[in-house]
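The next block holds one structure in the form of structure tokens; read it before the comments.
Bear in mind that the values in this text are calculations on the coordinates, not laboratory data. Small disclaimer: the values here were computed from a predicted structure and weren't measured. Cβ coordinates were reconstructed from backbone atoms using ideal geometry, including for glycine residues, and neighbour counts include every protein chain displayed.
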Amino acid sequence: MSYDRVRAVDEDVADALTGERERQNDTLAMIASENHVSEAVLEAQGSELTNKYAEGYPGERYYGGCEYADDVEELAIERAKELWGAEHVNVQPHSGSSANMGVYFSVLEPGDKILSLDLTHGGHLSHGHSVNFAGKLYDVTHYEVDPETGRLDYEALARQAEEVEPDMIVSGFSAYPRTVDWEAIQEAADAVGAYHMADIAHITGLVAAGEHPSPVGVADFVTGSTHKTIRAGRGGIIMCDEEHADAVDTAVFPGAQGGPLMHNVAGKAVGFGEALDPEFKEYAAQVVTNAEVLGETLEEHGFSLVSGGTDTHLVLADLRESHPDVTGGEAEEALEEVGIVLNGNTVPGETRSAFNPSGIRAGTPALTTRGFEEAEMREVGDLIARVIDNLGDEEVYAEVAADVQELCDDHPLYE
Ligand SMILES: *Cc1c(COP(=O)(O)O)cnc(C)c1O
């Protein structure tokens, strides 16, 4: 995209937009929740549908002129049903957090009890952190991963559910590298008569491709973001059985939102269509292989991985043993200097703080999109280790930055 038309009216914004495109081209995006959508998705998101009010749902809108908005939303819904096998799909949530809000509003009352994973153990703000609407509206208790194994302890969760008697158990995570046993969590919920919402924001694409077991048909509600491992542009999605369809739709609109972002719904339709192509399965499998290779490489360099490895698209390295003097924040900053963009992250049993955590989280979805395979991932792992082993050494940084640039040049992204 040239942004010529933006430039003609607004140089400043055009500079920022081209700057961002170049930044994405010339750096390695390893933030586990990020990806690069296709030019087709970008074009759909930039369409005239941004002008259209389409409050309501296909066939029952509160405005005229919705025939093409209906087409786009129906395509997005049908494709999502095919990808994830859900009975009912709502593609209107503006984001993953809004999708969670839609589910809470559909069956919970303010003051109801939610049991969710602690943020520092891999949970998400919208699962009821005290600064988030969910933490303010609901009575939230957190479960944790096992401090020894870094993995979910389903028996402990079931015991805690007996004690807390929550109205809803929330599963699905932001920094959990292992396969989740949705059935075990559903059993814990059923045993205490709680709803179960599985938030697959990070792993939507892995679930669609069969690279991670699906909670659809197991959990009462499944929510997700549409811009992470599924490359359908920024937004959210809710899936549930027919039983909860009306409650969810009403909770999203008019409960939580006004007009849907139809241009983003168009992006979802295009991105979901792309994910139905058999090539997407290969992509998702490569995402997981790449994370495994990255994890093994970091371990060879002495890094310690939370849970000892990964089954998914991300690795979480706890720096406290391998690099006791380096915080996750310092590692993040140093890596950004050389063009490797990831984030410092809290680790289970965090002894520092959320602002200055002890770990780093690295994901492979975006690098896999630009064609990275095992050999490139090994190189990336070597480069990450080199920077963290030589913190502050500008000579090393310059060498690594040159290698990063070469990797980027060999795997071009946007023209
Ligand atoms: C990313 C994420 C979300 C939603 O994020 P948005 O930025 O609102 O799309 C929700 N839950 C989990 C577990 C996430 O990782």
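The label point for E336 and the one for E39, both projected 7 Å from the Cα toward the Cβ, are 3.0 nm apart. Computed packing ranks the peptides 382-393, 4-15 as 382-393, 4-15, most packed first, by mean other Cβ atoms within 10 Å. Once the Cα-Cα distance is subtracted from the 0.36 nm per residue extended length, the E243 to D71 segment shows a gain of 59.5 nm.
Per residue of the chain, the DSSP helices (runs of n ≥ 4 H) give a summed -39500 (n - 2.57) that works out to -13500 deg cm²/dmol at 222 nm. Counting only lysines at least 8 places from K81 when in the same chain, those with an alpha carbon closer than 21 Å to its own are K228, K268, K281. Distant-in-sequence amide contacts of S171, defined by a placed amide H-H separation under 5 Å and a gap of 5 or more residues or a different chain, comprise M197, A198, D199. Selection among V404, G308, M1 by position relative to the dipole of the chain gives M1 as farthest towards the positive end (Cβ unit charges, Cα centre). Looking at the chain alone, DSSP beta bridges between its own residues are antiparallel in about 55 percent of cases. Measuring nothing but how far apart in sequence close Cα pairs (under 8 Å, 6+ apart) lie, relative to its length, the stretch 43-275 scores a relative contact order of 31 percent.
The packing ranking of peptides 259-272, 96-109, highest mean first, is 259-272, 96-109, where packing means the average number of other beta carbon atoms within 10 angstrom of each residue. The calculated FRET efficiency for D139 paired with D4, based on their beta-carbon distance and R0 = 60 Å, is about 0.65. Estimated at 0.36 nm per residue, the fully extended path between R21 and S130 surpasses their Cα-Cα distance by 35.7 nm. In order along the stretch 51-63, phi translates into HN-Hα couplings of 7, 9, 7, 9, 4, x, 10, x, x, 9, 9, 8, 9 Hz, rounded to whole numbers, per the Karplus curve 6.51 cos²θ - 1.76 cosθ + 1.60 with θ = phi - 60° and x for Gly and Pro.
Computed from phi, the 3J(HN,Hα) profile of the stretch 342-354 under the Karplus parametrisation 6.51, -1.76, 1.60 (θ = phi - 60°) reads 9, 10, x, 9, 5, 10, x, x, 3, 10, 9, 9, 5 Hz, with x in place of Gly and Pro.
What is the packing order of peptides 250-257, 370-377, taking the mean over residues of other C-beta atoms within 10 Å and listing the highest first? Write out the running numbers ahead of the final one.
Values: 250-257: 18.2, 370-377: 16.8.
The densest-packed peptide leads the list: 250-257, 370-377.
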